[in-house]
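So the structure is just underneath, and the comments pick up after that.
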Amino acid sequence: MKLNYYAIASFSEMTWDSELPTTTAEFIDDLSVLFEPFQEGINKILLLNDIKNIELLLRTKVDIPEDVRGNRGDDIDYFRARILDADELELFLQNHYLYGDKYPSFIHDFFESNQTNEDRFKNIEDLYLMYFKYLRSDEEGFFRYYGTTELIIRTVYSALRLIRAGKELEPHLKGDEEIVKTILEHRSSTDLGLKNIFPEVQDIISIFDKNPMDLEHQMDKIRFTLMDNIGKESPFGDHVIYAYIVGFQLKNRWNTLDSELGSKILKKVIEG
């Protein structure tokens, strides 16, 4: 708890509207000594950035429309708070048995099930879902909460996207199995049957008609609020450190995202 106290005491006050003093990578590096006992947990958080980097790299290796491809080659704007560096990630795509000690088995399972870069890119959402299911089964309470919450958000997001596109939910809807079942049973309900399970569903539904960039920004604000409200009765628990880093990462995304490129990519995400 003493290390927790010193680490948490070093955190600046952070709200959704406040400015960040630095990037996520620099923040973690600056506090590396204090964060050393929590590095395993921090790596679980940073793993999401590696998955995003895998997606960015795959974009350069498959034949997709130029307007949604993003940057190319050496110009890829990688997330810098990560586990594997860019050159290591290139090698990993060539041989996913490399860095076996860096990544959990579900990532290797995904690459084994999707042998070509085209299949990997086409099914990239499966990798995100596998990541949050991996967190949901963690022994640490914070990661179980984080994984469960994100699975619900991504399932709701996917359902609304399919409904807006006029597509059938079956068999396309993926995510948390129980949430999928609830949505399918209550698809005509204004809250998809989730109000008592996940009250934030009404916030998500209310913003879904915004343009892609504003929608994604508001979605991350909802995520940030969920992290900010975690475990306030125990202000020096490990969960406070992890939640702060997740919140920092959410805000950092909007500090660094190029608006024109981001708008194109996010528009394609919404359209599926």
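The values are calculated or read from the model by the stated rules, or taken from the named source; none is laboratory data. If you're wondering where the values come from, they're calculated on a predicted model, not measured in any experiment. With ideal geometry, Cβ positions are generated from the backbone for all residues, glycine too; neighbour counts draw on all protein chains shown. These accessible areas exclude ligands, DNA and RNA; they are computed on the full protein's heavy atoms, side chains included. Shrake-Rupley method; radii C 1.70, N 1.55, O 1.52, S 1.80 Å.
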### Task
Could you tell me whether Met213 is on the phi < 0 side of the Ramachandran plot, surrounded by fewer than 20 Cβ atoms within 10 Å (Cβ to Cβ), among the aliphatic types (A, V, I, L, M) and touching a Leu at 6+ places or on another chain (Cβ under 8 Å)?
yes
### Query
Which one of the conditions (1) of a type in the set (Ser, Thr, Tyr); (2) touching a residue at least 40 places away in the same chain (Cβ under 8 Å); (3) open to solvent by 90 Å² or more (accessible area, probe 1.4 Å) does Thr23 fail to meet, given that it meets all the rest?
(3)
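Conditions tested, residue by residue: (1) in contact with a helix residue (DSSP H, G or I) (Cβ under 7 Å, 6 or more places away or on another chain); (2) within 25 Å of Phe110 (Cβ to Cβ); (3) open to solvent by 70 Å² or more (accessible area, probe 1.4 Å); (4) of a type in the set (S, T, N, Q).
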residue: Tyr128; (1), (2), (3), (4): yes, yes, no, no
residue: Glu140; (1), (2), (3), (4): yes, yes, no, no
residue: Ile152; (1), (2), (3), (4): yes, yes, no, no
residue: Ser158; (1), (2), (3), (4): no, yes, no, yes
residue: Glu168; (1), (2), (3), (4): no, no, yes, no
residue: His186; (1), (2), (3), (4): no, no, yes, no
residue: Val201; (1), (2), (3), (4): yes, no, no, no
### Message
Report every pair of residues separated by at least 6 positions or lying on different chains whose Cβ atoms are under 6 Å apart, first residue within the stretch 166-188 and among the acidic types (Asp, Glu) and assigned to a loop (DSSP other than H, G, I, E, B), second surrounded by 12 or more Cβ atoms within 10 Å (Cβ to Cβ) and modelled with pLDDT of 95 or more.
### Response
Asp176/Leu151; Asp176/Ile152; Asp176/Thr155
### Query
Given the stretch 50-164, what helices (runs of 4 or more DSSP H) lie entirely inside it while holding 3 or more residues that are without any contact (Cβ under 8 Å) to a residue 60 or more places away in the chain and within 25 Å of Ile207 (Cβ to Cβ)?
124-136, 141-164
